[in-house]
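The values are calculated or read from the model by the stated rules, or taken from the named source; none is laboratory data. Because the structure is a prediction, the values reported are computed rather than measured. Just so you know, the surface numbers come from the protein's heavy atoms only, side chains and all, with ligands and any DNA or RNA stripped out. Shrake-Rupley method; radii C 1.70, N 1.55, O 1.52, S 1.80 Å.
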Amino acid sequence: MMSSLGGSEKMATILFCIMLFLATSVSAASLKVGFYKSSCPSAEMIVRKAVNKAVSKNPGLAAGLIRMHFHDCFVRGCDGSVLLDSTPGNPSENESPVNNPSLRGFEVIDEAKVEIEAQCP
């Protein structure tokens, strides 16, 4: 039989839930459809096209892209840190043994980035 939670355990659980809610609320607040409407109106279409093309060739890549988004956005908001390349003496997150080869879909991001930079310099 399971014992009930004590007072401090209940408080810890409640605080954890509140922190989780706040963390996801803060990161979600910075994401917005139409963010590039004035600076690059075709940006969302370009990204959608690159993702659809990649997922139609390899449906399993959809899960990889979702995992990459979760990994990048869950802890401190979406900062793109997982997309940064390594520099001498400063290895990047995407080359970390914890993330490599489990993070997938970088080529989709790169393809969309090249197209956006070509259309919206």
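Heavy atoms only, probe 1.4 Å: what % of the accessible area of the range 31-74 goes to carbon and sulfur, would you let me know?
Working: 2110 of 3170 Å².
That fraction is 67 percent.
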| From phi via Karplus (6.51, -1.76, 1.60), per-residue ³J(HN,Hα) for the range 90-104 in Hz, x at Gly/Pro | 9, x, 8, 4, 6, 9, 5, x, 5, 9, 10, x, 6, 7, 10
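Keeping all protein chains in place and using 1.4 angstrom, which order do Val108, Val47 fall into by accessible surface area, from largest down?
Details: Val108 5, Val47 65 Å².
The most accessible residue leads, giving Val47, Val108.
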